[in-house]
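What follows is one structure encoded as structure tokens, with my remarks underneath.
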Amino acid sequence: MAEQAKGSAGRIIIDTEASCKTPKTGAARTPINVAFNSCDVRLTRPLNQAETLHGDRNPTDPNQGNKNVGGNLVIPVDPNILGYFLKFAIGVPTVAEVPIAAPDGSDIKTQTASTITIAGGTGGYTFSTSQTAAVVGDRVIYEKLGIRYAGYITTKTSDTVGVLQTQKSGGAACADLSEATVIAIMQNKADAAECNVTIVSGVATFDQAPANLASGQMLIYVDTGAEKYAWVKSVTSGATATVVAANGFAPADCATKLVTWLGKASKWKHTYKIDPKASLSSFILERGFLDLAAPKYQQYIGCKVNTFEISVGGDGELVATLGILGADRSNESTAYDAAVDAPAAIDLYNERFQMFDASATEGGTEVEVLQDFKLKLDNKIDSNKYRIGGQGARAFLPEGIAEVSGSISAFFTDDTILTKAQNNTKSSLGVTFTSGDDCLAITIPELKYSEKDPAITGPAGVMLDLDFEGFKATSSEASAIVAELTTSHAAF
């Protein structure tokens with residue numbers, strides 16, 4: 001007797017599509033294994049009873065209706081996998097490097113709060129305060145108006161003056177900028193002499209062994225005039241190491257490229273906001289039934305996240321529920337990541353955020369009165385776009401006006417929040433999860449509460465339960481929802 005497929009042996013793979021309903025091919029594929037709690041995304045297609053009369057009270061054969069690809073995917077709130085689904089649910093993020101100091105602080109040299117001014121079109125810089133520990137080769141990260149920049153000290157005239165260029169050797173002068181905030185001056189552990197790297201199939205070979213090569217370091221090298229990033233996964237010898245690119249896959253092969261920087265790996269802050277015009281990214285989702293005698297795969301194309309829901313509070317498992325809509329499904333006998341030249345799917349699952357990692361703000365101030373916080377983003381995707389000749393598959397999945405809503409349950413200790421509801425006063429809500437250097441902050445910058453008085457339901461503590469609606473009006477964030485994810489994964 002054949003064995004029944006088990007959910008424990010099921011596998012979910014996702015990958016951003018080349019264009020909506022068009023999966024990537026060959027080596028361009030970047031399949032990600034998804035850790036999940038449940039997945040009922042599937043194709044359903046009704047049979048519509050015919051009304052044809054033919055002189056007999058028995059029914060005639062039914063006709064097929066349109067295909068409906070959809071369902072919920074429930075995932076743990078993990079710092080890495082969640083980054084993809086925030087992109088699918090909210091929009092493509094902006095990314096900023098966040099330097100993380102070693103425990104002894106040795107990798108970051110900024111001695112005191114400082115600004116940097118670059119002027120004259122030559123990369124000449126001036127620190128507002130003396131930086132005695134900075135040396136030629138160090139990497140300077142600085143910020144102005146929310147945008148982060150990086151350059152390399154190529155000349156040091158004094159502890160406050162020198163030259164900053166975009167690469168360690170041969171780079172252009174960093175652009176003029178006045179009084180930018182210095183985020184960090186980072187120690188470059190590459191050899192002082194010029195060092196080159198060759199990468200083949202994810203193995204990096206240096207033409208001279210760096211003195212401080214170690215796993216976890218960030219490697220920056222120059223390829224076709226631009227800096228490329230890689231991370232040292234493991235050291236094979238003094239001059240060789242396995243490396244991965246920003247997206248977790250092996251970097252493209254290259255030969256004899258100048259090493260610009262080698263040192264402590266940064267974290268990366270991804271900021272997600274609703275784009276007022278751009279369509280959401282689409283993706284493929286493949287369900288694999290791996291324990292069948294002949295494994296089967298169901299590949300759903302043109303998938304988009306219609307709804308994103310999260311509930312915070314209590315001591316249960318922290319999960320996100322994604323309501324997914326798709327265009328069509330194909331049945332495959334081989335896996336998405338088994339295609340010719342395709343890389344094997346990678347596992348990015350990291351230790352998840354938990355309920356006790358959370359803190360909350362109301363009106364911009366951290367509060368201790370919230371017991372529960374529920375949030376739903378609904379992208380209002382139109383699921384009824386079927387064309388003639390489309391074989392019942394959806395032709396388009398256009399987004400509507402997003403709806404940001406939810407509810408709070410708060411201990412009724414005073415009437416601060418209640419008064420806002422009664423007066424229709426604008427407020428804000430936010431929840432932040434922090435675990436080590438990883439952080440997830442979700443904010444509704446502008447919202448209003450629906451009015452509802454607290455109920456007395458018994459002798460125990462009185463709760464204030466309010467629904468809210470988020471919107472975009474005058475907030476500088478210019479988005480009805482903002483998610484900021486700081487993680488070691490550099491690209492989603």
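The values are calculated or read from the model by the stated rules, or taken from the named source; none is laboratory data. Treat the numbers as computed from the prediction; the structure is a model and nothing was measured. So basically every Cβ, Gly included, is an ideal-geometry build from the backbone, and we count neighbours across all protein chains shown.
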### Query
Only one residue in N37, N68, N33 is more than 25 Å from R394 (Cβ to Cβ) and surrounded by 16 or more Cβ atoms within 10 Å (Cβ to Cβ). Which one?
N33
## Note on the structure
For I14, the lone unmet condition from (1) of a type in the set (A, V, I, L, M, F, W, C); (2) in contact with a Lys or Arg (Cβ under 9 Å, 6 or more places away or on another chain); (3) part of a strand (DSSP E or B) is (2)
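For the subset of region 19-30 comprising residues that are under 23 Å from K385 (Cα atoms) and either surrounded by 14 or more Cβ atoms within 10 Å (Cβ to Cβ) or outside the structural domain of D337 (by TED's automatic domain parsing) (or both), which member is farthest from the chain's Cα centre (by Cα)? Show your work before the answer.
Filtering region 19-30 for residues under 23 Å from K385 (Cα atoms) gives 19-23.
Add one more test, that the residue is either surrounded by 14 or more Cβ atoms within 10 Å (Cβ to Cβ) or outside the structural domain of D337 (by TED's automatic domain parsing) (or both), and what stays is 20-21, 23.
Values: C20: 19, K21: 22, P23: 20 Å.
Among those residues, the one meeting the criterion is K21.
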### Query
For region 429-456, which residues satisfy the criterion of being farther than 22 Å from L82 by Cβ and either part of a loop (DSSP other than H, G, I, E, B) or among the polar types (S, T, N, Q) (or both)?
S450, E451, K452, D453, P454, I456
### region 374-395 residues that are part of a strand (DSSP E or B), paired with ones that are among the basic types (K, R) and surrounded by 13 or more Cβ atoms within 10 Å (Cβ to Cβ) (beta carbon under 9 Å, 6 or more apart)
Y386/K67; Y386/R394; R394/K21; R394/K67; R394/K385
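Yes or no: S130 at pLDDT below 95, within 30 Å of the chain's Cα centre (by Cα), assigned by TED's automatic domain parsing to the domain that holds G170 and surrounded by fewer than 18 Cβ atoms within 10 Å (Cβ to Cβ)?
No.
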### Task
Report yes if some residue within region 366-373 is in contact with a Gly (Cβ under 6 Å, 6 or more places away or on another chain), among the acidic types (D, E) and assigned to a strand (DSSP E or B); otherwise report no.
yes
### Query
Out of W261, W231, which single residue is aromatic (F, W, Y), at pLDDT 95 or above and either outside the structural domain of L164 (by TED's automatic domain parsing) or farther than 30 Å from S130 by Cβ (or both)?
W231
### Query
Does region 154-196 hold any residues that are in contact with a Gly (Cβ under 9 Å, 6 or more places away or on another chain), closer than 26 Å to T94 by Cβ and in a strand (DSSP E or B), and which are they?
L164, Q165, A173, M186
### Query
Which of the residues that make up region 476-492 are touching a residue at least 60 places away in the same chain (Cβ under 8 Å) and assigned to a loop (DSSP other than H, G, I, E, B)?
E477, A478, S479, A480, I481, S488, H489, A490, A491, F492
### Task
Kindly list the number of the only condition in (1) within 30 Å of E143 (Cβ to Cβ); (2) in contact with a Pro (Cβ under 6 Å, 6 or more places away or on another chain); (3) of a type in the set (A, V, I, L, M, F, W, C); (4) in a strand (DSSP E or B) that fails for I199.
(1)
### Message
For region 274-342, give me every one of the strands (runs of 3 or more DSSP E) that falls completely inside it and has 3 or more residues that are of a type in the set (A, V, I, L, M).
### Response
296-312, 319-326
